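Worksheet: one structure, shown below.
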Amino acid sequence: MLLSRFWYLILSFALAAAAGILFVAHGFYNRHTERWMNEALMADASAVAWYLKDDARSRAAALVPVALAPDLREPLAKASESDEITPALREKAKQALTKAASKVEEQNKFYAVFAVDAEGRVVAQWNYAHREGQPWNLGGHAVVADALAGWIRDDVWVIQEKMYRVVARPVERDGGGEPVGAVIGLVAVDAQYAQRVAEATGAKIAFYVLGMRDVNAMPASAASDPTPFLQGDFDVMASDIKEAAQTPEYLEKGRSLVRNPRRDIGLVYTRVPGEAWDLGCGYIVARKVTLLENPLSFFKLADQSDKDRAPTNILVAIALGLGLLGIIFTVVEHTLPLRTFQRVGHEFAMGKTDTLAPSRFRGLYKRIAADINDGVDKCLAKGGFTRRAADLESVIGPLPAQPQMSAFSVPEAAPSVPSSGPKIPVRAPTPAPRPSEGGATLVSEAEPPPPFESPTDEPVKPKVPGRPPPPAPKAKVEEAEVSPASQPMSAPSSPPSPSDELEDWKGVYEEFVKTKKKCGESVEGLTFDKFKGTLERNKAALVSRHSCSAVKFTVYVKDGKAALRASPIK
């Protein structure tokens with residue numbers, strides 16, 4: 001069963017190779033996904049930093065109409081020259097500020113706008129509640145001080161634990177000169193602002209204040225997002241920021257390295273510049289990727305488009321072809337020999353054959369048949385029985401199908417008359433033997449005619465003059481017949497001893513094996529015990545048939561094959 005076993009080995013290696021490829025692909029995919037996530041996070045952090053700078057310039061440009069409003073410049077100039085700001089002056093400045101701030105485009109709209117005089121006192125505010133009559137000075141902030149000095153600045157403030165982007169620019173007199181005041185615009189860093197940043201940069205960003213997450217732009221309900229952030233993911237960020245804030249990169253450079261609090265989440269923490277730097281404010285750029293838990297996750301995570309790209313027809317054809325080839329190998333090497341063994345075994349059980357011919361089987365079944373034959377012979381020998389005669393073909397293989405007749409004929413013995421005297425064999429009148437026969441009493445060795453082959457099941461009756469001989473069935477052992485003229489008149493000689501006969505049979509067995517090998521025949525399964533059993537059965541048949549005292553077996557070559565000839569001895 002070499003082919004089927006070899007096929008099983010091929011299939012085993014193919015399965016192991018497929019599993020190995022899946023494991024390698026699993027590790028390769030996860031490793032490259034993590035590397036891509038880290039590179040994308042650093043790019044996202046840089047993109048957000050550039051967006052915040054550009055947004056500050058856009059907000060400063062949006063304050064130009066407010067700073068140049070004539071109705072606002074006059075109240076600010078009077079407030080800068082006065083020690084006390086009157087309510088009427090505040091109201092006039094507030095109206096002018098409200099009118100100018102409301103005209104700012106929607107995309108650059110401010111959360112609140114303040115107008116301060118040259119000393120930093122708040123003269124008016126828009127969209128920001130403050131107690132009336134209470135002095136309020138913003139001149140202590142660096143961004144306001146720079147604006148009063150004639151610079152355009154931006155910064156980040158924290159007011160009541162809320163983070164605001166701040167843009168300030170000076171308000172100058174007509175024709176130049178020292179600034180009479182400044183306008184300060186505030187933009188709340190809330191979910192809406194973070195969402196705009198995320199849409200503009202393509203990054204998932206969350207701002208945090210005082211070391212805690214405050215707002216985010218990573219909604220979990222985004223249907224188009226294959227990896228949405230859930231509440232549990234934000235909890236991971238809130239707990240990880242405490243450790244990130246202690247790293248040297250974050251403390252010195254204001255930006256941490258890529259951190260992976262969970263294998264599928266990457267985070268980069270960046271501190272915002274300005275006054276909020278020392279207050280622990282900043283933003284988180286995050287990425288969430290899908291990693292494979294095991295090699296079979298490929299099939300679970302693949303969508304229909306991925307499955308449609310697979311060559312299904314080719315894969316099915318390969319599977320069916322390989323499976324059919326394996327079935328053919330199994331049928332040829334397993335099923336067919338087993339059915340042959342089953343059929344011959346059934347014939348053996350029904351008594352249609354005496355032995356299981358090993359030559360009809362292949363491989364292991366041949367050895368099993370030989371062992372069964374040996375077992376049956378030993379069981380019969382223990383019970384004092386022997387198989388029926390003439391089954392040498394089952395041991396040495398099939399003999400020629402066409403029988404040949406012997407040159408001698410054995411007449412049927414005349415019935416004996418009971419008497420007390422010695423029995424004298426009766427000889428029938430036959431022509432005298434040829435001189436070349438030399439009066440031989442056994443088989444003629446000079447000119448051997450075609451031999452007569454004994455039947456398998458029942459002995460052949462000797463010829464009787466005037467009666468046609470019965471048809472000879474397929475032979476197993478060839479019998480050399482004795483002519484009437486050559487039969488001795490004296491009393492039968494004593495038969496050889498069993499030990500001498502056994503030694504003679506061993507010599508015949510060795511000669512028979514040697515002759516078969518010379519003829520190129522197989523001797524597999526031919527043992528002396530089987531050979532001896534066959535000779536014993538043929539001897540018993542010939543002794544009973546010819547009333548002889550012994551049988552001599554000789555080996556010769558017939559049609560290119562080794563054969564045996566049995567000669568009765570009186």
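Observations
- Only one entry in R343, R362 is surrounded by 13 or more Cβ atoms within 10 Å (Cβ to Cβ) and either closer than 24 Å to L526 by Cβ or among the charged types (D, E, K, R) (or both), namely R362.
- Residue tally, condition surrounded by 13 or more Cβ atoms within 10 Å (Cβ to Cβ) and assigned to a helix (DSSP H, G or I), over the stretch 515-527: 2
- Test for V258: is it among the β-branched types (V, I, T), over 24 Å from D190 (Cβ atoms) and either modelled with pLDDT under 85 or crowded, with 16+ Cβ neighbours inside 10 Å (or both): yes
- T355 being surrounded by fewer than 18 Cβ atoms within 10 Å (Cβ to Cβ), among the hydroxyl-bearing types (S, T, Y) and either at pLDDT 80 or above or in a loop (DSSP other than H, G, I, E, B) (or both): no
- The selection criterion, being more than 14 Å from C281 (Cβ to Cβ) and of a type in the set (K, R), does not hold for R165.
- Yes/no for A49 being more than 30 Å from V268 (Cβ to Cβ) and not assigned by TED's automatic domain parsing to the domain that holds G150: no
- Any strands (runs of 3 or more DSSP E) falling wholly within the stretch 61-169 and containing at least 1 residues that are touching a Cys at 6+ places or on another chain (Cβ under 8 Å) and surrounded by 19 or more Cβ atoms within 10 Å (Cβ to Cβ): 153-159
So that you can scan it fast, the table gives a plain yes or no per residue for (1) within 12 Å of I184 (Cβ to Cβ); (2) touching an Asp or Glu at 6+ places or on another chain (Cβ under 7 Å); (3) modelled with pLDDT under 95:
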site	(1), (2), (3)
A77	no, no, yes
L89	no, no, yes
K92	no, no, yes
K109	no, no, yes
E119	no, no, yes
Q125	yes, no, yes
H130	no, no, yes
G139	yes, yes, yes
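The values are calculated or read from the model by the stated rules, or taken from the named source; none is laboratory data. The shown structure was predicted, so the numbers you read here are calculated from the model rather than taken from an experiment. When we count neighbours, we look across all protein chains shown, and the Cβ atoms used for this are built from the backbone with ideal geometry, even at glycine.
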